[in-house]
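Following: one structure in structure tokens, then a few remarks.
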Amino acid sequence: MKVDEAKLQQFVEKMVGDMGAAMSAALVVVGDKLGLYQALADAGPIDSAGLAAKTGTTERYVREWLAAQAAAGFISYDAGAARYFLTPEQAAVFADESGPAFMAGGFEIISSMFRDEPKITQAFRTGEGVGWHEHDACLFRGTERFFRPGYAHHLVAEWIPALDGVKEKLARGARVADVGCGHGSSTIVMARAFPNSTFVGFDYHPQSIQRARELAHEAGVASRVSFEVASAKTFSGTYDLVACFDCLHDMGDPIGAVRHVLETLTPQGAWMLVEPFAHDRMEDNLNPIGRIFYSASTMICTPASLAQEVGLGLGAQAGEKRLREVVTAGGFTRFRRATQTPLNLIFEARP
């Protein structure tokens, strides 16, 4: 087969760009851990010596890190003044952890994928799964930090109001279960917004539940929020609202989980299902968002499902049609897309 040299050159140039992006990911983790981005945002234009002094780091390493980050376009450089700085947009992504555009936490997820690669490579050979709990701890931290901004800025303002009558019910006082809660970011966001309601977060991972309890205390909502170790098929109680955020596709038996959610709802209760954004056809997901989600699904989500009973392996790009099939197979009769963001689909299901 003859190679088209022009097309080859274009593809090589793409690979150079992708390799640079991949290598830059490790440097984002370094800068995030050492507080380099935050110090850079606080200081304004600064040189490597000044940034090293502010962060208690070594100038020679900081100098090289700054050059690499500027080459990546992650920070900016004023050649005339020989100073580095963050534009407001760069600061929003790397230094403002409370803002809607913060993304540094996502690079911890990427770090976990490299650390856990040997386990996933072996799973390709054996067909066995790799449980969520078997991953490096940076996956748990990164997941919480990556998803928290979206929950903080969309959950109460947009997603809950899109559900029929749910916002009003929570304002009056309701009982809510957050299933697959991880570190509890979504649970805490809801608890802060609806002081008359009580919330229970469930996750099968004990270390995540412990961290969620700590964060609830720090947020001052521990009197109305509790966290318990339980799976999606075993959590207890009766609820006016059950929520599952970005986790149904990770479950080995999502249909069984759906049945259990239905059993725990009050007669007028609702289930809010939040899943990664995806079109129904694979070819429609071959885009930058799909690239991220298919990669995460290969390394994290699908192995997690295959490690459990049934091992359905929905994957992070299941799409609305497949999710509807799962939800109705579990016994729900009403299922609709309530709203969406570029990263998420938000569904409402009723008995």
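Once the dipole of the chain is set up with Lys and Arg at +1 and Asp and Glu at -1 on Cβ about the Cα centre, which of 85, 171, 310 lies farthest towards its positive end?
Toward the positive end, the furthest listed residue is 171.
By a straight-distance test (C-alpha under 14 Å), which aspartates and glutamates pair with residue 167 as possible cross-link partners, with residues fewer than eight away in the same chain excluded?
Hits, sequence-local ones excluded: 158, 240, 348.
Quick one: putting +1 on the C-beta of Lys and Arg, -1 on the C-beta of Asp and Glu, what dipole do you get for the range 165-305 around its Cα centre, in Debye to the nearest 20?
The dipole of the range 165-305 has a size of about 420 debye.
Which residue, chosen from 185, 198, 156, occupies the Cα position most advanced towards the positive end of the dipole of the range 146-245, where the dipole is computed from +1 (Lys, Arg) and -1 (Asp, Glu) charges on Cβ about the Cα centre?
Of the listed residues, the answer is 198.
Out of residues 5 or more away from residue 239 or on other chains, whose amide H comes under 5 Å of its own, with H placed 1.01 Å from N in the peptide plane?
Amide H to amide H, under 5 Å and 5 or more residues apart or across chains, residue 239 pairs with 265, 266.
Of 69, 12, 26, whose Cα points farthest to the positive end of the dipole of the range 1-83 (charges on the beta-carbon: +1 Lys, Arg; -1 Asp, Glu; origin at the Cα centre)?
Farthest towards the positive end: 26.
Write down the accessible area per residue of the chain in Å², having rolled a 1.4 Å probe over the full set of protein chains.
Details: 16750 Å² over 351 residues.
Result: 48 Å² of accessible area for each residue.
Could you tell me how many degrees, from 0 to 90 and to the nearest 10, lie between the Cα long axis of helix 254-264 and the main elongation axis, the longest principal axis, of the Cα atoms of the chain?
It works out to around 50 degrees.
Convert each backbone phi in the range 42-58 into a coupling constant with the Karplus relation 6.51 cos²θ - 1.76 cosθ + 1.60 (shift: θ = phi - 60°), then list the ³J(HN,Hα) values in order as whole Hz, x for Gly and Pro.
6, 7, x, x, 7, 9, 5, 5, x, 5, 4, 5, 5, 10, x, 10, 8
Based on the mean of other beta carbon atoms within 10 Å per residue, what is the order of 19-28, 182-191, 318-327, 66-75, most packed first?
Working: 19-28: 14.4, 182-191: 26.0, 318-327: 18.8, 66-75: 17.2.
The most tightly packed comes first, giving 182-191, 318-327, 66-75, 19-28.
If you place +1 on the Cβ of every Lys and Arg and -1 on the Cβ of every Asp and Glu, how big does the dipole about the Cα centre of the chain come out, in debye to the nearest 20? Could the numbers behind the result be given before it?
Working: 33 positive and 41 negative charges, 117 e Å.
Dipole magnitude for the chain comes out near 560 debye.
Got the relative contact order for the chain handy, in percent, Cα pairs under 8 Å and 6 or more residues apart?
Working: 604 pairs, mean separation 44.0, N = 351.
Reported relative contact order: 13 percent.
Under the Karplus relation 6.51 cos²θ - 1.76 cosθ + 1.60, θ = phi - 60°, what is the ordered set of whole-Hz ³J(HN,Hα) values for the range 160-171, x standing for Gly and Pro?
5, x, 6, 8, 5, x, 6, 4, 5, 5, 5, 5
So who's got an amide H within less than 5 Å of the one on residue 338, skipping anything under 5 residues away but keeping other chains? H placed 1.01 Å off N, in plane.
HN-HN under 5 Å from residue 338: 346, 347, 348.
Among the aspartates and glutamates, select those whose C-alpha is under 13 Å from the C-alpha of residue 119, and discard any that sit fewer than 8 residues away in the same chain.
Hits, sequence-local ones excluded: 128, 134, 136.
Once amide H atoms are placed 1.01 Å from N in the peptide plane, what residues at a sequence separation of 5 or more from residue 246, or on another chain, have their amide H within under 5 Å of its amide H?
Residues meeting the criterion, in which the H sits 1.01 Å from N, are 274, 275.
The values are calculated or read from the model by the stated rules, or taken from the named source; none is laboratory data. Computed from a predicted model, the values in this text were never measured in an experiment. Backbone-built Cβ (ideal geometry, glycine too); neighbour counts: all protein chains shown. Remember, those area values only see protein heavy atoms, side chains included, never the ligands or the DNA or RNA. Shrake-Rupley method; radii C 1.70, N 1.55, O 1.52, S 1.80 Å.
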